[in-house]
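S.K.: Submitted below is the structure of interest, expressed as structure tokens.
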Amino acid sequence: MQVSGLENLSLNEAYILVSNHASILDIPAIISACPFPVRFLAKRSLIWFPIFGWFLYLAEHILIDRESAQSALKSLKKAAGILKKGLSIIVFPEGTRTPDGHVKEFKRGAFLLAQHAKFPIVPLSISGSFRMLPRHGWCFWPGTISIHIDQPIPTKNLTPAAAKTLMEKVRETIIRNLPDASE
């Protein structure tokens, strides 16, 4: 694994880390790359995966029910509380792993959280993991996972209109920091 941009993070600050999602390997890679404890904002349906789902629940990660706006809002409020305790949150705004290696369109959750909680967003670009274990793969292939951590983007005065623009900017930043468009 190779990590660049760690100098962009302060150990004394909490962030909303926003990343592309190329492989199941992204999760342990980000956890090991971050110099501080993190929690994931994840879809609630993952709780039913043996061992992994139990870990998400017991480690107090934020599980969001996409089918219920009220439940999703409650989850975002929980996430804001976790940020205020000094823990950073990781969000894969594509909503799931890419089926083809390309960065998909983003969902709004991370940016609604940023608008509500007022914590900086940090774009993370992950490459190499899709080749090592694609979404529909059953075999690990050797390789190197690279994570690039971009500079934090302040969100203190983020309006709803600016949140949409920020979502597009973060997606473009993540894609720009990938070694090639097929990641």
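S.K.: Long-range amide H contacts for Ile64: which residues qualify at under 5 Å (H placed 1.01 Å from N, peptide plane, sequence gap of 5 or more or a different chain)?
M.R.: Ala42, Lys43, Arg44
S.K.: Which whole-number percentage describes the relative contact order of the chain, with Cα contacts under 8 Å and a sequence gap of 6 or more?
M.R.: On the way: 339 pairs, mean separation 58.4, N = 183.
That works out to 32 percent.
S.K.: Would you work out if the chain is rounded, prolate or oblate? Take a ≥ b ≥ c from the square roots of the eigenvalues of the alpha-carbon gyration tensor; rounded if a/c is under 1.5, else prolate when a/b is larger than b/c, oblate otherwise. Don't jump to the answer; show the numbers that get you there.
M.R.: Details: a/c = 1.45, a/b = 1.19, b/c = 1.22.
Here the chain falls in the rounded category.
S.K.: Residue separation times 0.36 nm, minus the C-alpha to C-alpha distance between Asp180 and Ser10: what's the value?
M.R.: Details: separation 170, 0.36 × 170 = 61.20 nm, distance 2.83 nm.
Separation in residues times 0.36 nm, less the Cα-Cα distance, equals 58.4 nm.
S.K.: Apply the Karplus parameterisation 6.51 cos²θ - 1.76 cosθ + 1.60, with θ equal to phi minus 60°, to every residue of region 167-176 and state each ³J(HN,Hα) to the nearest whole Hz, in sequence, with x for glycine and proline.
M.R.: For region 167-176, the Karplus curve yields 4, 5, 5, 5, 4, 4, 5, 4, 5, 4 Hz.
S.K.: Can you list residues from other chains, or at least 5 along the same chain, whose modelled amide H is less than 5 Å from the amide H of Ile90?
M.R.: Leu17, Arg39, Phe40, Leu41
S.K.: With a 10 Å Cβ neighbour count serving as the proxy for reagent exposure, in which order, fewest first, do Phe106, Phe111 appear? Provide the component values of the computation, followed by the final result.
M.R.: On the way: Phe106 21, Phe111 26.
Least to most surrounded, the residues fall as Phe106, Phe111.
S.K.: Tally Lys and Arg at +1 and Asp and Glu at -1 over the other residues with C-beta under 14 Å from the C-beta of Thr165: what net charge comes out? Don't skip to the end; give the middle numbers.
M.R.: On the way: positive: Arg108, Lys164, Lys169, Arg171; negative: Glu168, Glu172.
With Lys, Arg at +1 and Asp, Glu at -1, the net is +2.
S.K.: Another question, then. So between Gln70 and Glu172, what do we pick up on full extension, going 0.36 nm a residue minus the alpha carbon distance?
M.R.: On the way: separation 102, 0.36 × 102 = 36.72 nm, distance 3.00 nm.
Length gained, Gln70 through Glu172: 33.7 nm.
A short reminder: the numbers here are calculations on the coordinates, not readings from a lab. Computed from a predicted structure; not experimentally measured. Neighbour counts run over all protein chains shown; Cβ positions are idealised from the backbone, glycine included.
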